Amino acid sequence: MSSQITAPKSLCILRLSAIGDVCHAVAMVQQIQKQWPHITITWVIGKVEANLLSGLEGVEFVIFDKKAGLQGYKELWQKLRGRHFDVLFHMQVALRASLASLFIPANIKLGFDRQRAKEGQWLFSNKKIAAQTNPHVLDGFMGFAAALGVSIEKPSWQMPITDQHQLWASEQLITEKPIAVISPAASKAERNWLVERYADIADHLTERGFQVVICGGPTVMEKQLASNIISLSKSDLLNLVGKTSLKQLLAVLKLAHLVIAPDTGPAHMAVTVGTPVIGLYAHSNPHRTGPYNYQHYVVSCYKQVIEQQYNKPLIRLPWGIRAKGRDLMANIEVAQVKDKIRQVIADHYPHLRSAEEM
């Protein structure tokens with residue numbers, strides 16, 4: 001177990017990506033700031049992720065362009081030349097992040113415990129966080145704060161959404177109806193649910209009195225997926241795919257009453273603004289990567305498919321092992337998602353319950 005580190009005056013965080021992970025890291029950062037409001041924090045982060053978190057109170061961002069190759073490392077060295085930190089949180093196991101850590105001068109370089117320090121990350125740190133048993137990614141990050149002696153509380157977030165972003169979102173969503181957001185696309189198409197089932201759920205939500213909004217990024221895959229859902233739906237859906245910045249999307253998610261999404265960044269963004277999430281999982285373990293505060297609304301076939309693939313009970317498999325296959329999401333049925341919608345409404349919006357549920 002790692003020994004506790006003396007409270008630092010300056011802290012550097014190295015976590016470049018991805019959107020969901022930096023959302024988890026914000027909760028950790030803000031717990032540290034709550035206990036030590038005078039600590040100076042510098043965060044080395046990816047370009048896209050910085051667009052979401054810019055303006056985060058009390059944090060200086062240094063952008064590392066991972067696509068720039070050797071030039072990216074040179075620019076990082078130039079930005080941090082002459083700087084020195086008491087502690088570096090090396091929070092990403094990818095080799096490119098470990099190489100970036102060489103350009104961040106710090107007395108203590110804190111990494112994951114030996115079991116989790118994959119891709120040789122342990123070679124780039126001089127202290128380790130305490131080992132944990134089967135943690136959620138967010139809890140794993142909290143291990144870094146705990147190594148400083150920070151008291152770990154239930155995660156909370158103060159995300160940097162301006163009045164301008166909230167006004168923009170409210171102007172797009174001019175309706176007296178409750179809002180349901182479907183963010184249908186994960187980073188890999190195989191993690192997306194079936195188009196016709198998304199359309200079925202969109203119609204179901206519309207019948208329940210919701211205005212359904214489709215959200216997502218500007219990629220061809222995301223735009224085509226949204227178009228296919230809308231073409232199969234019988235309802236009037238609002239399509240915001242490719243039309244929002246990350247901060248505008250965050251504002252939309254904040255206005256929503258519920259969000260439905262596979263294993264993708266917007267699911268975790270919604271958690272940060274307190275909107276209930278129905279997560280759809282097949283390839284990854286939702287207990288490790290699911291929407292943190294809304295695990296009870298997850299629809300998952302992960303345990304079923306992973307045990308079939310490895311012919312072992314889940315408890316005997318490595319934590320976080322991923323299932324493989326292009327059609328795994330077909331194991332999630334429409335009826336299961338409808339049941340979670342009913343549960344979210346009953347838990348958070350009982351006035352929206354239909355007559356047959358009363």
Val93, sole failed condition from (1) touching a strand residue (DSSP E or B) at 6+ places or on another chain (Cβ under 7 Å); (2) of a type outside the set (S, T, N, Q); (3) farther than 20 Å from Leu56 by Cβ
(1)
Exactly one of these conditions fails for Gly265: (1) in contact (Cβ under 8 Å) with a residue 60 or more places away in the chain; (2) surrounded by fewer than 24 Cβ atoms within 10 Å (Cβ to Cβ); (3) not hydrophobic (A, V, I, L, M, F, W, C). Give me its number.
(2)
Restricting to segment 48-75, name every residue that is basic (Lys, Arg) and modelled with pLDDT under 95.
Lys66, Lys67
Matching residues in segment 330-358 - criterion: being outside any helix (DSSP H, G or I), at pLDDT 95 or above and out of contact with any Leu (no Cβ under 7 Å at 6 or more places or on another chain):
Glu333
Going through segment 88-128 in order, the residues found to be in contact (Cβ under 8 Å) with a residue 40 or more places away in the chain and over 16 Å from Lys66 (Cβ atoms) are Leu88, Phe89, Ala106, Ile108, Leu110, Asp113, Lys127, Lys128
Do the conditions hold for Arg83, that is, is it in a loop (DSSP other than H, G, I, E, B), in the same structural domain as Phe141 (by TED's automatic domain parsing), more than 22 Å from Ala146 (Cα to Cα) and not aliphatic (A, V, I, L, M)?
yes
Search segment 208-240 for residues being touching a Pro at 6+ places or on another chain (Cβ under 9 Å) and in contact (Cβ under 8 Å) with a residue 40 or more places away in the chain, and hand back the single one that is nearest to Val48 (Cα to Cα).
Gly216
Which number in (1) over 19 Å from the mean Cα position of the chain (by Cα); (2) more than 26 Å from Ala68 (Cα to Cα); (3) modelled with pLDDT of 95 or more; (4) part of a loop (DSSP other than H, G, I, E, B) marks the one condition that Met159 misses?
(1)
Identify, by number, the condition in (1) in contact (Cβ under 8 Å) with a residue 24 or more places away in the chain; (2) aliphatic (A, V, I, L, M); (3) part of a strand (DSSP E or B) that Val62 doesn't meet.
(1)
Could you please find all residues in segment 10-38 being closer than 22 Å to Leu76 by Cβ and part of a loop (DSSP other than H, G, I, E, B)?
Arg15, Leu16, Ser17, Ala18
Filter segment 176-200 down to the residues that are of a type in the set (Asp, Glu) and outside any loop (DSSP other than H, G, I, E, B), then identify the one that is surrounded by the most Cβ atoms within 10 Å (Cβ to Cβ).
Asp200
Looking only at segment 166-193, and only at residues there that are among the hydrophobic types (A, V, I, L, M, F, W, C) and either under 24 Å from Ala18 (Cα atoms) or not assigned by TED's automatic domain parsing to the domain that holds Leu250 (or both), the one that is modelled with the lowest pLDDT:
Ala189
Of the residues that make up segment 42-50, is at least one of a type in the set (Asp, Glu), surrounded by fewer than 22 Cβ atoms within 10 Å (Cβ to Cβ) and in the same structural domain as Ala27 (by TED's automatic domain parsing)?
no
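The values are calculated or read from the model by the stated rules, or taken from the named source; none is laboratory data. Because the structure is a prediction, the values reported are computed rather than measured. Using ideal geometry, Cβ is built from the backbone for each residue, glycine included, and neighbour counts are taken over all protein chains shown.
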